[in-house]
Each structure stands twice: as structure tokens, then as C-alpha cells.
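Structure, as C-alpha cells:
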Amino acid sequence: MKKYLSFFIIRLTTGLQYRAAALAGISTQFAWGGMTLLMFRAFYQYSSSAFPMTFRELSSYIWLQQAFLALYMSWYFDNDIFDSITSGSIAYELCRPVDLYTMWFAKNAAVRMSRAVLRCMPILVIAAFLPEPFNVSLPASFLSGLLFLISMIMGFLVLVAFSMLIYITALYTLSPLGIRVVATSAIEFFTGAIIPLPFFPQSIRNIVHLLPFAYIQNTPFLIYNGYISGTEMYKSILLQAVWLLLLWASGKLLMKRALKKVIVQGG
Amino acid sequence: MKLYLKYASIILKSQMQYKASFFMTALGQFLVSFTAFLGVRFMFARFNAVSGFTFAEVLLCFSIILASFALAECFVRGFDTFPGIISNGEFDRIMVRPRNEILQVLSSRIEFSRLGRLLQALGMFAYALHESNVEWTFDKILTLILMLTGGFFVFAGLFVVYAGLCFFTLEGLEFMNIFTDGAREFGKFPFSIYGESVLKFLTYVIPLALFQYYPFLYLIGKSDNTLYMFLPLLGMLFVIPCLLFWRFGVRHYKSTGS
């Protein structure tokens, strides 16, 4: 366990060096979040009764989404991993006495976390002081706040476990391009990064809830703003755990099968 | 111009060497904007209209901005990837050649796979054409063409500014994304829905609304002001200060030495 922790820490500290990039990112995300809220306001003014949540709840959702964008971004994939597969340098990795799956997992989690750590606080603090109803409010209750933290970590791990499957497919196909594009679009849309899941038509929402996508950023943010409450909260966190286990186990299994017949690209 | 066409045909040929990769990337471009379309579709399943615009009208607006963005990204991509040219020192090579730098940067990269987005725009346009009740008289068609060219030039100008900033910072500024990718994302709705102040900003500072909102009102018959039809021409002038800024940047250029 210790060696994976060090991989994690190395990547984390490297990521934390890019402070100027973080500053630029923060201002971009701030403008982006603001525009998104203004767009929703137009819909809200047209018909507030068709809105699935209150505007305050939506504001909290959007700002959390911007603050923790790096945790849940759909487009991030570690190019080093894809390169090591296509160039053949994966052979070196295989010689090391480490489990490849856990190492990749730790590295991916660390990069996402380092970016989020630098960015989340400034965004949340500024967003808290915006005029109502555009500000981020406190969690719906103390319990919601606590469960939000747990669920946020779980959702993050579900996403990393899901992206591991994309890396592993590259072991089979060698060209990650196609699957990567499809996965990015699917993650972005079905996790609710474009419009929050409660805005989806009910029939499509029912399907999305059968997939892992609904248990990534959707669950923690909706717990925070009180859209999910009561025993529903525990149920959705439990489902997050189930998905995490499922994705992790299938990733491990597929990796093991792939490595048995991996062909190292020479050169 | 002849030189540019020669460059373009060489790039097209080289990209066609990897046909599978080319179509995959084009498909990816298509998918990315397709999810944006689905988002709009779902919102309109819940709300019938927004700020007085119907679904078909919004799609018309979306397809126009997406098409002009796709064209700009396809042909002005050299400026979009300019941070790379600066940091690997390729700009030194460009400077010593006896040709215009802008032409060379322009023709350094032409991304034909971006036309996947254009395909998506065409699809939406076809649908909107069918659903919205715009009467396609001569002036409406002219408005549409002006909107597309105006959009192309404004986006091109933004890419040039983005590249020009690299002379000072050596790397791309993420903040510019809000005006390029952001304009594409948020421009799917007429800019008026974001409120008065955003509209003013996009009229007087970054003239995105000049080719999107005002002529669009004329296009769908919400306004009779013929002046609105020609506003994209005014928006095109935006490219001049952008190019001046670029010139200014070139004079300040210090090689990275790599």
C-alpha cells in the first residue's frame, strides 16, 4: 500500500506546482458558472413551476460543479499511460514489483485531486458572497454536509474506476482514440455536466440511474443542496459503493486477462 | 492565395493518409457538439420557450454559431495551436522565411476533421429550416450569409488575440477559452437571454452579439430594422484591432531558444 501512496503523493505535489494555471482556471470557471446560471435564470423566468428544484439549490449545484470540476472532468486522461501502451514502454512498468492497476489508479486520482485542491476554495469563497439567489448556500443540513463529503469521495473513485476501463481497452485495441471520444462525451452528458440530471426527461433519467454515470457528480451535489434527502441519501451512497466495487472488480479482471497476452510494441 | 491553396491541398492529402483516424476525430467533434444539442433538446422538453424564443428558433441560432465556429476552427487552427509553435521555437523558422508570417501560421495547420462539427450544424439547420417559419427571401439568405462570415471573422480575430497573447506569456491563456469555446457553448441561445449587461458587453467589447443576436432578430422576423442585417459587417472590423495586436506581439517576440 505504501508504494501506491508514494505514487499518489509524487503526482499530487507535481500537480500542485501549477499555481498560475490554477489562477487562470479559476477565473475561467467563474465566468463559465456565471453564464450557466444566467442561462438557467432565463428558463426560470419563463416558467418557475417547470423547474425541478429551487433556484438557490441550482446555484449551489452549479458552483459546486465549477469548484470541483477537476475531480469530475470527463476529458482528462493520462496521456503517459496511452503512450506507454502504444510505444511499448509498458514493458518497463510490468517489470516493476507493483500492481499496474493500483498504480494507474493512484496516479489518476492524484492528478485530479491536485487540480481540485488548488481551485475549489477560491471559487467557493467568492461564490458564497454573491448576491442571492446566485450564491452557493450552506448544505441543506449538517448531516447533508457530512454525507456530501463521503459521497463526493465515492463519486470521484467511481469516475476514476470507470476511466481505468478506458485505459484497459487501449491494451486491447492499441488505438484509444475512438473509445476515448465516445467515453468523454458519454461521461460529460450522463453525469450531468452539461445540464443537471433532474432537468432530464423522466424516462431518460430512469435509464441513466441504472448506469454508473448517475453516481459520479450527481449524487454528492444533490445531497448537498437537499434535493436528495432522508433515507434516499444512504441509498444513493450505497449504490455508489456498489458501482465502485463493480467497476473496480471488472477493471482488475480485464487487466489481468489483457496482461496475460499483452504484446509489447517493439522499438 | 495560391500558396495557401497549395498548403491546404498538402495538408488535406496528409490527413487523408490516416483515414480511420481522420473520421474518428471528425466523429468525435460531431459527438461533442451533439451532447450540447441534447442538452438544449432536454431543456425544451421541460420548457416550451425561453425569453420568447422557440426550440426551432434556438436551434437555428445554435446551428449558425456552431457552423461559423467550426469554419473558423478549421481554417484558423494555426493560431489556436500557436502556443506550441512558440514554445518549440518554430516561430523562428517562420520569421526567417521571406513570406508573410500570418499566411504561414494560417497554413501551418488546417484541421479538416473539424468539419464534423459543421455536419452537426447542418443537421440542426435542416431541422430548424423545416420547423421555424422563416420565409427565405433574398434578404434573409443574405442575412444568413453575413452572419456566417461575420462569425467566422470574429472567431478568427479571437484566435489571433489568443495567439498574440502568447508572445508575452509563452503559453496559452486558459481564460481566452471563455470567449471562444464559451461563445460556442453559450451562443446556442440568443445572447439576450443572459441579461442586459452581458448583451452590452458582447456588443461593445467583444462583438459576438453583432453577428449573432441582432441579425438573428431580423432573420426570424422579430425586428424589421434592416440595419441589423448589416451589423455582422461591423463585427468583422473586430479582426483589425486583433491583427494590430498580433503585429505588436510579433515586435515583442523573444525566441524561447529551444
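The values are calculated or read from the model by the stated rules, or taken from the named source; none is laboratory data. Because the structure is a prediction, the values reported are computed rather than measured. Neighbour counts run over all protein chains shown; Cβ positions are idealised from the backbone, glycine included.
Taken together, A:Leu149, A:Leu174, A:Leu138 contain a single residue that is over 18 Å from A:Asn225 (Cβ atoms) and either surrounded by fewer than 21 Cβ atoms within 10 Å (Cβ to Cβ) or modelled with pLDDT of 85 or more (or both), which is A:Leu174.
Among all residues of the stretch B:70-86, there is at least one that is within 14 Å of chain A (Cβ to nearest Cβ), farther than 19 Å from A:Thr184 by Cβ and either modelled with pLDDT of 80 or more or part of a helix (DSSP H, G or I) (or both).
The residue of the stretch B:185-203 that is surrounded by the fewest Cβ atoms within 10 Å (Cβ to Cβ), among those that are over 16 Å from A:Ala31 (Cα atoms) and under 18 Å from the mean Cα position of the chain (by Cα), is B:Thr203. Candidates B:Phe168, B:Phe153: the one that is within 30 Å of B:Asn88 (Cβ to Cβ), surrounded by fewer than 17 Cβ atoms within 10 Å (Cβ to Cβ) and aromatic (Phe, Trp, Tyr) is B:Phe168. For the residues A:Thr169, A:Thr219, the requirement of being surrounded by fewer than 22 Cβ atoms within 10 Å (Cβ to Cβ) and either outside any loop (DSSP other than H, G, I, E, B) or not aliphatic (A, V, I, L, M) (or both) singles out A:Thr169.
Give the stretch A:179-200 a look and list any residue that's part of a helix (DSSP H, G or I), more than 15 Å from the chain's Cα centre (by Cα) and farther than 22 Å from B:Ser21 by Cβ, or say none.
Hits for the stretch A:179-200 are A:Pro198, A:Phe199.
Scanning the stretch A:224-255 for residues that are in a helix (DSSP H, G or I), among the hydroxyl-bearing types (Ser, Thr, Tyr) and farther than 22 Å from A:Met103 by Cα yields A:Tyr224, A:Thr231, A:Tyr234, A:Ser236. Please specify each residue of the stretch A:166-184 satisfying the condition of being within 14 Å of chain B (Cβ to nearest Cβ) and touching a Leu at 6+ places or on another chain (Cβ under 7 Å). Scanning the stretch A:166-184 gives A:Val181, A:Val182. Scanning the stretch B:3-43 for residues that are facing chain A (nearest Cβ under 10 Å) and among the basic types (Lys, Arg) yields a count of 1. Among (1) in contact (Cβ under 8 Å) with a residue 40 or more places away in the chain; (2) outside any helix (DSSP H, G or I), where does B:Pro98 come up short? It is condition (1) that B:Pro98 fails.
Just checking, does the stretch B:44-67 include any residue being farther than 25 Å from B:Leu146 by Cα, out of contact with any Ser or Thr (no Cβ under 9 Å at 6 or more places or on another chain), within 11 Å of another protein chain (Cβ to nearest Cβ) and in a helix (DSSP H, G or I)? Yes - at least one qualifying residue is present in the stretch B:44-67.
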